[in-house]
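As structure tokens, the structure follows; a few thoughts come after it.
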Amino acid sequence: MNTTFLKTIIATVVITIAGTQIPLNAKYRAYNVVNHPKVASGNRFIDITRNMKLNDNSIIRLSANDQLTVRMSSFNGPVYKLTTPTPAKGTSLKNLIAQKQKEKISTVRQVNKTIAQGLASHTVAKDAFDRGGVSHITTNSQGSITTLKYLLGPEEICPDELPAPMIKVTRRTDPDNLYHFILRSVKHDGLYVNMLKKDSDPNHIELLFPEPILITSTADRELDDFLFEMPDKYDAGMIVIVSDMPFTTKDIAHELNVTTQNIHRNYHYQIIR
């Protein structure tokens, strides 16, 4: 091939890549687009299209009535619906997502506070947790492991091995193959709930919600601001974690190891798929 011609092709490709700012190692994909959200490309803004790759540093411009739903590039990752108008110069996707997370946390805390104030006694009945089926240590062929570590593993879990569910979990379908959760206690008030993917890496625990969700037996708690992509038939499912006190990612990480487990805390686990 002619050397000059080859250099021309390479130069054209470089210019094309630079002009459209194709993200390297794209962290997100545009899952859904309403109206005309835009992304910076060189010295101008272009329309974002469905499945377009984006990253933390992508500069996004949203006008009134624009809506951009993005998800992590990995399947069944977190989904963020962005609707707040940005300045004309745009805002980084990282900052838009951080702002959305703050809004979600603020909403959860406000509702939690309202529920807590409405409870006559912000404690869970003593018989709500059976220590024999909650945060106990199970001995198996591999030695002593905690219940959570056992559930997190790849083994299929027989429902008979788990205590009766303490909460009712409903998936409500949203447009674009998305869904959100509705939670309600089966019997007891003042239960805190979060979830963990069953196939999670035990060394990198990430809970589904940024704050534990406080629920009662008298009303549904609809979490329509937390959207997730519908799982496929091979999805491992979720571990629902229930406690009588708020808990953090660090607390749950401690529950995976018998040497760090807090045996004075109550945790109840159930599997959903």
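The values are calculated or read from the model by the stated rules, or taken from the named source; none is laboratory data. Every value quoted in this text rests on a predicted model; they were computed, and no experiment measured them. Glycine gets a Cβ as well: all are built from the backbone with ideal geometry, and neighbour counts include every protein chain shown. Surface accessibility is based on the protein's heavy atoms, side chains included, excluding ligands, DNA and RNA. Shrake-Rupley method; radii C 1.70, N 1.55, O 1.52, S 1.80 Å.
Within segment 36-45, the set of residues being surrounded by 15 or more Cβ atoms within 10 Å (Cβ to Cβ) and assigned to a strand (DSSP E or B) comprises Lys38, Val39, Ala40, Ser41, Phe45.
Against the list (1) within 13 Å of the chain's Cα centre (by Cα); (2) at pLDDT below 85, the condition Lys233 fails is (1).
One residue stands out among those in segment 46-90 that are closer than 18 Å to Lys102 by Cα and of a type in the set (Val, Ile, Thr): the one that is surrounded by the fewest Cβ atoms within 10 Å (Cβ to Cβ), which is Thr84.
When Asp199, Asp189, Asp176, Asp224 are checked against the criterion of being buried (at least 20 other Cβ atoms within 10 Å of the Cβ), among the acidic types (Asp, Glu) and not in a strand (DSSP E or B), a single residue qualifies: Asp189.
Cβ-Cβ distances below 8 Å connect no pair with a first residue in segment 241-267 that is closer than 14 Å to Asn203 by Cα and open to solvent by 70 Å² or more (accessible area, probe 1.4 Å), a second residue that is at pLDDT 90 or above and outside any loop (DSSP other than H, G, I, E, B), and a separation of six or more residues or different chains. In summary, Leu208 fulfils each of the numbered conditions (1) in contact with a strand residue (DSSP E or B) (Cβ under 7 Å, 6 or more places away or on another chain); (2) open to solvent by less than 60 Å² (accessible area, probe 1.4 Å); (3) in contact (Cβ under 8 Å) with a residue 40 or more places away in the chain; (4) assigned to a loop (DSSP other than H, G, I, E, B) with the single exception of condition (3).
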